[in-house]
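Engineer: Got a structure here, written out as structure tokens. Questions coming.
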Amino acid sequence: MLSILLDEPGKRVLMMGNEAIARGAIEAGMKFCAAYPGSPSSEIIGTLARPDVAENFGHHAEWSTNEVVALEAAAGASFGGLRALCAMKQNGINVASDFLMSVVMSGCKGGLVLVVADDPGAHCSNNEMDSRAYARLLDAPLLEPATIEESKEMTRWAFELSEELEMPCMIRSVTRISHARGDLSLGPINRLQRTPRFEAYDRFLSLGTVTHSVLHGKLEKARDIFEKSQFNQYVGPSGAELVIITCGTGWLFSREALRTLGLEDKVGILKLATTWPLPNRFIVDHLKGVKQVLFVEEIDPFMEQNVKSLLADYIGSELEVIKFFGKGSGHVRSRFGPALGEIDPDIVIRAVAEIKGVDYQAQTPEYAERASTLLSEYTASRDLAFCAGCPHRASYWVMKNALALDGRGGFVLGDIGCYGMGAGRSGYFINRTLHCMGSGAGVACGLGNLAKFEFDQPVVAVMGDSTFFHAALPALINARYNGAKFTSVVLDNSATAMTGFQPHPGIGLNAMGNPATQVLIEDVCKGLGFHVEIRDPFKVDEAVEALHDLMQREESSVLILRHTCGLVESRKKKKDRISVNAEKCLGDECGCARFCTRVFGCPALIWNEKEKHASVDEVVCTGCGVCAYLCPQSAIEVEKAEELQR
Amino acid sequence: MKQNGDCLNVIITGVGGQGNILASHILATAAIAEGFHVTIGETYGQSQRGGSVMSHVRLSKGESLGALIPRGKAHVIVGLEPMETLRVAADYANPGTKTIVNPRPNYPLMVLYGAQEYPPVETLLARLGEMVEVVKVVEGTELAKGIGEAMASNVVMVGALAGSGWTPIPTDTFISVLKEVIPQKILALNQRALKLGIESIRK
């Protein structure tokens, strides 16, 4: 049985950080959760939306069309009196920020918790924004769990805190919490039974300076609560000369650094779990007599700057002169530099070793040199690429060819999602812009409206199917209204693929997998007055012709390239067997310049060096067959799954 | 359980799509059943798209550890792909590290494009052997294909780890926790895969 379902307090189970956050919400009696999927946050609502989980605990779970709608929906449930959770990745808080800025002022009723999962090192993002700056901007209480177990405990606590303060509470996770796994102890489940009601006296209004002043009062109350929080703690000797102040993942990395260097009885660690507002007194009291402070945290020196600013009021009175180390001093730096990339135990070990003048080498110099030679001489880089069987590869091939056929210097405006890789080799370097969801169509509203300046290059804007609903709609309406001319290409793989194949309004299923009203992309576009064409990108010639024709039109138009994500499809059905007929493949004699392996670039198409012909890696291949369609010698053959079973 | 205090650091490495996460999940579940604290640091997201993937699995008594292993501190590396094993060893191995490697290459796109080379597997394994204490080759993909599902190579490799005697977890615990991790529908296949791995490393 899935461990999140267990009602066995005290049992130790393995959970992913995001599952632990979900479990914390369940233990708090949360009854409404909403999100737009985004790595590394997706599994929070993904777990809560599992049919068995949602049914067992009786909450509502939804994939909303975007983050601001998700937050507004969760706030609505809170206004009705229920405990509500909203989760998003760091990009999402930008989308949600307008509402967020006023809901902190209006306040809320049922506990309202916003989890933002940041992505230091940009493992699964196009930026590494530190969302904590919002907490300060918003005047919102901010919690930063340091372990998987704390993610659960602090999420549970955040609901109580939100109700006590009557305002939303923000939790900041990071990839190494959200996407890490660890063992934790299950707590009792709060079977909170509230009947939501919007009472006659309920008002949730953001009213300028008046509510701003109320907000400041709440923040001071939060500070008082944080002063006593058990999640903030000091570990180490009394009278330490050097104290590490840390939060989040920095806590266990700092512990490991001191253990590795044998400095546990010399250096102290002040762990902060409540990083806005800061527990001022708690911090000052633990720095009496301290001469050196090292700040360890992910991405920006957020805590570092806030604590320094606090201590400026105490140094020379309650505190001695302190020498500060961290991102500001350059001691905490990744291979990219300070405040860039993610931190790891080696970064903390090096920082402490440098400050204390201790010699530390992870590997002996000779060993490290040999290792570095091995890396440069024996390993090839693994660039990100569209998966084998990905319909986007075919779609990008279609766009590349349609643009070439058109010949007027047309180009593609992109945005984020799997097809962000269209900016790289896998998409033939076609995407010329990469910003945020929906920005391809938005930027096209400008470049597509420059005709009177004698701009004559065709403009193509790509968007994914989920992105279409998330952020592209206002730009498309704008194009109609303001007369921008461009061709929209909707890369419809019938899933929010990048983040784990979540459904969206175009699919006809809700988050729990139950039937839902289907909002068809073509119907919406036609309703907006666009000419719409739909093609299968694997039928390459038809799709190229359609796109080329649309580019010749006088008005903006929409091409939907529709084919289910190869990963989704491969889970549903047996795959066709694709193979290269070695007799027919002419290899380098063909004149195709090894089209399938070197040009088209599907990772399942490999080169048989011994026999000098193309070959199919049957482990990687998904059986999509588009290579068979494209091979000029028809040397690639398809055996249908149905025939294979006979 | 020696080196760097009371902990065992295992890295499972490969390429996105090879089932790295499931492999680390089986190891972690077995460790928890034996009373260890476990932390796994995984790479996700874009790694699904052919990128390098590694899971840091850390077993400890007393207290939990951070999700990343310090450089040079891996006790065991399980490689689902030979080049990735070498890549990880360069950063995380030391002369006492033990490795288990599936020798079947997964070619990076830059190699397929002809822009970079993939060295002969024998060379990769020989270089690896110069860096670490042991290299055990387990034909994970071939063994998995033999039972009709090449994708089960990850579980074969976990089986090899289970049978290696390099973890403080009894082999039987790996076998018994498999049902907690693998859906019933494909359990029998994966039990066979695990056993193949155990037998293979003991040969």
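Values quoted throughout were computed directly from the atomic coordinates according to the rules given, and no laboratory measurement underlies them. Just so it is clear, the structure is predicted and the values come from calculations on it, not from any experiment. Here the Cβ is made from the backbone with ideal geometry for all residues, glycine too, and neighbour counts use every protein chain on show.
Engineer: Sequence gap at least 6, Cα distance under 8 Å: using those rules, report the relative contact order of the range A:391-570 to the nearest whole percent.
Structural biologist: 24 percent
Engineer: If you stretched the chain out fully between residue A:534 and residue A:552, how much longer would it get, using 0.36 nm times the residue separation minus the C-alpha to C-alpha distance?
Structural biologist: Roughly 4.8 nm would be gained on extension.
Engineer: If each residue of separation counts as 0.36 nm, what is the full-extension length gain between residue A:224 and residue A:190 once their alpha-carbon separation is subtracted?
Structural biologist: 9.6 nm
Engineer: Here is a follow-up. Decide, for the range A:1-142, between rounded, prolate and oblate: order the square roots of the alpha carbon gyration tensor eigenvalues as a ≥ b ≥ c, take rounded if a/c falls under 1.5, and otherwise choose prolate if a/b is larger than b/c, else oblate.
Structural biologist: oblate
Engineer: Among DSSP bridges having both ends in the protein assembly as shown, what percentage is antiparallel? Round to the nearest 5.
Structural biologist: In the protein assembly as shown, DSSP labels about 35 percent of beta bridges as antiparallel.
Engineer: Projected onto the charge dipole of the protein assembly as shown (+1 at Lys/Arg Cβ, -1 at Asp/Glu Cβ, origin at the Cα centre), which of A:310, A:466, B:54 gives the Cα projection farthest towards the positive end?
Structural biologist: Selected residue: B:54.
Engineer: If you don't mind, there's one more thing I want to ask. In the range B:7-202, what percentage of the DSSP-assigned beta bridges are antiparallel, given to the nearest 5?
Structural biologist: Bridges in the range B:7-202 are about 55 percent antiparallel.
Engineer: State the volume of the convex hull built on the alpha-carbon positions of the range A:323-463, expressed per residue in Å³ and rounded to an integer.
Structural biologist: 185 Å³
Engineer: What are the principal axis extents of the Cα atoms in the range A:391-570, in Å, biggest first?
Structural biologist: Cα spread of the range A:391-570 along its principal axes, largest to smallest: 51, 34, 29 Å.
Engineer: Distance from the Cα centre of the range A:116-150 to that of the range A:587-615, in angstrom?
Structural biologist: Measuring centre to centre over Cα atoms gives 45 Å.
Engineer: Net charge near residue A:118, counting Lys/Arg +1 and Asp/Glu -1 over other residues with Cβ under 12 Å of its Cβ? Please report the intermediate quantities before stating the final value.
Structural biologist: Details: positive: A:89, A:132, A:172, A:176; negative: A:119, A:128, A:130, A:144, A:297, A:298, A:300, A:342.
Computed value for this residue: -4.
Engineer: Lys and Arg at +1, Asp and Glu at -1: add these up for the other residues within a Cβ distance under 14 Å of residue A:514 and post the number. Write down the numbers at each step before the final one.
Structural biologist: Working: positive: A:50; negative: A:52, A:55, A:62.
Taking every Cβ under 14 Å from that of residue A:514, the sum is -2.
Engineer: Step through the residues of the range A:158-169 one at a time and calculate ³J(HN,Hα) from phi using the Karplus curve (6.51 cos²θ - 1.76 cosθ + 1.60, θ = phi - 60°), rounding each to whole Hz and writing x for Gly and Pro.
Structural biologist: Couplings: 4, 5, 5, 4, 4, 6, 5, 8, 6, 8, x, 10 Hz.
Engineer: Same structure, new question: Taking only DSSP H segments of four or more residues, each worth -39500 (n - 2.57), what value at 222 nm results for chain B once the sum is divided by all its residues, to the nearest 500 deg cm²/dmol? Write down the numbers at each step before the final one.
Structural biologist: Working: 8 runs with 86 residues, N = 203.
Calculated at 222 nm, the ellipticity per residue is -12500 deg cm²/dmol.
Engineer: Between residue B:136 and residues 5 or more places away or on another chain, which pairs have amide H atoms under 5 Å apart, with H built 1.01 Å from N, and which residues are they?
Structural biologist: Here the answer is B:99, B:100, B:101, since their amide H atoms fall under 5 Å of that of residue B:136.
Engineer: Please list, ordered by chain and number, the residues whose modelled amide H lies under 5 Å from the amide H of residue A:62; skip anything fewer than 5 residues away on the same chain.
Structural biologist: Amide H neighbours of residue A:62: A:33, A:34, A:35.
Engineer: Turning to a different aspect of this structure: What FRET efficiency would be calculated for the residue pair residue B:142, residue B:176, taking the C-beta separation as r and a Förster radius of 22 Å, to the nearest 0.05?
Structural biologist: FRET efficiency, residue B:142 to residue B:176: 0.25.
Engineer: Quick one: which residues, 5+ away or cross-chain, put their amide H under 5 Å from the amide H of residue A:534? H built at 1.01 Å from N.
Structural biologist: Result for residue A:534 returns A:560.
Engineer: Could you work out the relative contact order of chain A? I mean the mean sequence separation of Cα pairs under 8 Å and 6+ apart, divided by the number of residues, in percent. It would help to have the intermediate numbers written out before the result.
Structural biologist: Working: 1346 pairs, mean separation 66.4, N = 646.
Relative contact order for chain A comes out at 10 percent.
Engineer: Moving to a separate point now. In nanometres, what is the gap between the two model label sites at residue A:358 and residue A:312, each 7 Å from Cα along Cα-to-Cβ?
Structural biologist: Here the answer is 3.3 nm between the modelled labels.
Engineer: Could you give me the ³J(HN,Hα) list for the range B:25-40, computed from phi with Karplus coefficients 6.51, -1.76, 1.60 and θ = phi - 60°, whole Hz, x at Gly and Pro?
Structural biologist: Each residue's phi maps through the Karplus curve to give 5, 5, 4, 5, 5, 5, 5, 5, 4, 8, x, 8, 7, 10, 10, 10 Hz.
Engineer: Per residue of A:174-180, how many C-beta atoms from partner chains lie within 10 Å of its own C-beta, taken as a mean?
Structural biologist: 5
Engineer: Also: Please identify the chymotrypsin sites (Phe, Trp or Tyr not before Pro) of the range A:315-387 that satisfy two criteria: DSSP loop assignment and at most 13 other Cβ atoms within 10 Å. Which are they? Intermediate values should be presented prior to the final figure.
Structural biologist: Numbers: sites: A:324, A:325, A:336, A:360, A:367, A:378, A:386; in loops: A:336, A:360, A:386.
Taking the range A:315-387 and a limit of 13 other Cβ atoms within 10 Å, the loop chymotrypsin sites (Phe, Trp or Tyr not before Pro) found are A:336.
Engineer: Tabulate in residue order the Karplus-calculated ³J(HN,Hα) for the range B:54-66, using 6.51 cos²θ - 1.76 cosθ + 1.60 with θ = phi - 60°, rounded to whole Hz; enter x for Gly and Pro.
Structural biologist: 9, 10, 9, 10, 10, 9, 8, 10, x, 9, 6, 10, x
Engineer: Identify all aspartates and glutamates with a Cα-Cα distance to residue A:526 below 15 Å; exclude those on the same chain that are fewer than 8 residues away in sequence.
Structural biologist: A:555
Engineer: Grab the DSSP H runs of chain A that are 4 residues or longer, score each as -39,500 (n - 2.57), total them, divide by all residues and round the 222 nm result to the nearest 500 deg cm²/dmol.
Structural biologist: Roughly -10500 deg cm²/dmol at 222 nm, from the helical runs in chain A.
Engineer: How big is the gap, in Å, between the Cα center of the range A:519-556 and the Cα center of the range A:393-466?
Structural biologist: Going from one Cα centre to the other spans 15 Å.
Engineer: Let me ask something else. Tell me, what is the percent relative contact order of the range B:7-202, built from C-alpha pairs under 8 Å that lie six or more residues apart? All intermediate terms of the calculation are to be shown ahead of the outcome.
Structural biologist: Values: 410 pairs, mean separation 41.5, N = 196.
Here the relative contact order equals 21 percent.
Engineer: From zero outward in steps of 5 Å, how is the percent of C-alpha pairs of the range A:517-646 spread across the bins?
Structural biologist: Per 5 Å bin, starting at zero, the Cα-Cα P(r) for the range A:517-646 comes out as 2, 9, 16, 17, 15, 12, 11, 9, 6, 3, 1, 0 percent.
Engineer: May I ask for the distance between the Cα centers of the range B:52-129 and the range A:253-302, given as a whole number of Å?
Structural biologist: If you average the Cα positions of each part, the centres end up 33 Å apart.
Engineer: Towards the positive end of the charge dipole of the range B:1-158, with charges on Cβ (+1 Lys, Arg; -1 Asp, Glu), say which of B:77, B:64, B:108 has the farthest Cα.
Structural biologist: With unit charges placed on the Cβ atoms, the residue in question is B:64.
Engineer: Please give me the summed charge of the neighbours of residue A:15: other residues whose Cβ is under 11 Å from its Cβ, Lys and Arg +1, Asp and Glu -1.
Structural biologist: Summing Lys/Arg as +1 and Asp/Glu as -1 gives 0.
Engineer: What are the aspartates and glutamates whose alpha-carbon lies under 17 Å from the alpha-carbon of residue B:203, with same-chain residues fewer than 8 places away excluded?
Structural biologist: Leaving aside aspartates and glutamates fewer than 8 places away in the same chain, those within reach of residue B:203 are B:139, B:142.
Engineer: Any idea what Rg and Dmax come out to for the protein assembly as shown if you just take the C-alpha atoms, in Å?
Structural biologist: When restricted to Cα atoms, the protein assembly as shown yields Rg and Dmax of 27.6, 87 Å.
Engineer: Past the 20 Å Cα-Cα mark, which pairs from A:288/A:323; A:573/B:179; A:271/A:291; A:31/A:221; A:109/A:218?
Structural biologist: Over 20 Å apart, Cα to Cα: A:573/B:179; A:31/A:221.
Engineer: Now for a different question. Taking chain B as a Gaussian network, Cα atoms linked when under 10 Å apart, which of B:40, B:77, B:32 shows the biggest mean-square fluctuation?
Structural biologist: The residue with the greatest mean-square fluctuation here is B:32.
Engineer: I would also like to ask the following. List the aspartates and glutamates whose Cα sits under 19 Å from the Cα of residue A:574, skipping any in the same chain fewer than 8 residues away.
Structural biologist: Correct list for residue A:574: A:617, A:618, A:637, A:639, A:642, A:643, B:149.
Engineer: For residue A:481 and residue A:197 in the same chain, what is the full-extension length gain: residue separation times 0.36 nm, less their Cα-Cα distance, in nm?
Structural biologist: Residue separation times 0.36 nm, minus the Cα-Cα distance, leaves 98.2 nm.
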